[in-house]
Amino acid sequence: MNNRYKFRAWDLTDRKMITELLFFAVDFPREDDIPRYDIMQWTGLLDDNDTDIYEGDILHEDGHYNGDCWVDERFVVVIFESGSFFGRATDDEYEYTELDSSGFQVVGNVYEGRK
């Protein structure tokens, strides 16, 4: 199986996460249609616990040195912007971090909150 592209979706009507998606065709909604699903793509990364990291996940980032300054531990939300995945700090919408697979743990998502 090709794991390059994986998706999950939040069902806005039934308020539950769908992790097994099958795409057969693209159906573009009309303007008066209400979207039922929020589709989230896998970043291609795993967290420190080997859990897939998806767009919309809330990650706990360990405290660490960034060059010569200390960055406190914090929570970030995974976003897709300008063709790349980033972590946006939950307490500062203008603070971004690059994602790599070390120092992060998935602790929830934007729909279900933190676990």
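The values are calculated or read from the model by the stated rules, or taken from the named source; none is laboratory data. Remember, predicted model here, so these are calculated numbers, not experimental data. Cβ placement follows ideal geometry from the backbone for every residue including glycine, while neighbour counts extend to all protein chains displayed.
Between a residue in region 46-67 that is free of Cβ contacts under 8 Å to residues at least 12 places away in the same chain and any residue that is exposed (fewer than 11 other Cβ atoms within 10 Å of the Cβ), which pairs come within a Cβ distance under 7 Å, given they are 6 or more apart or on different chains?
Going by the 7 Å Cβ cut-off, the qualifying pairs are G63/W70; G63/D72; G63/E73.
Test D50 against the stated conditions and say whether it is surrounded by fewer than 10 Cβ atoms within 10 Å (Cβ to Cβ), over 12 Å from the mean Cα position of the chain (by Cα) and modelled with pLDDT of 90 or more.
Numbers: surrounded by fewer than 10 Cβ atoms within 10 Å (Cβ to Cβ): yes; over 12 Å from the mean Cα position of the chain (by Cα): yes; modelled with pLDDT of 90 or more: yes.
When the stated conditions are applied, D50 passes them.
Determine whether F85 is surrounded by fewer than 17 Cβ atoms within 10 Å (Cβ to Cβ), modelled with pLDDT of 90 or more and either in contact with a Phe, Trp or Tyr (Cβ under 6 Å, 6 or more places away or on another chain) or farther than 16 Å from M17 by Cβ (or both).
Values: surrounded by fewer than 17 Cβ atoms within 10 Å (Cβ to Cβ): no; modelled with pLDDT of 90 or more: yes; either in contact with a Phe, Trp or Tyr (Cβ under 6 Å, 6 or more places away or on another chain) or farther than 16 Å from M17 by Cβ (or both): yes.
For F85, the condition - surrounded by fewer than 17 Cβ atoms within 10 Å (Cβ to Cβ), modelled with pLDDT of 90 or more and either in contact with a Phe, Trp or Tyr (Cβ under 6 Å, 6 or more places away or on another chain) or farther than 16 Å from M17 by Cβ (or both) - is not met.
If you scan region 3-20, which residues turn out to be within 14 Å of M40 (Cβ to Cβ) and either free of Cβ contacts under 8 Å to residues at least 24 places away in the same chain or assigned to a loop (DSSP other than H, G, I, E, B) (or both)?
Y5, K6, L12, K16, I18, T19, E20 - these are the residues of region 3-20 that are within 14 Å of M40 (Cβ to Cβ) and either free of Cβ contacts under 8 Å to residues at least 24 places away in the same chain or assigned to a loop (DSSP other than H, G, I, E, B) (or both).
All but one of (1) surrounded by 15 or more Cβ atoms within 10 Å (Cβ to Cβ); (2) within 20 Å of R4 (Cα to Cα); (3) of a type outside the set (A, V, I, L, M, F, W, C); (4) at pLDDT below 85 hold for G103, so report the exception by its number.
So G103 meets the others, but not (2).
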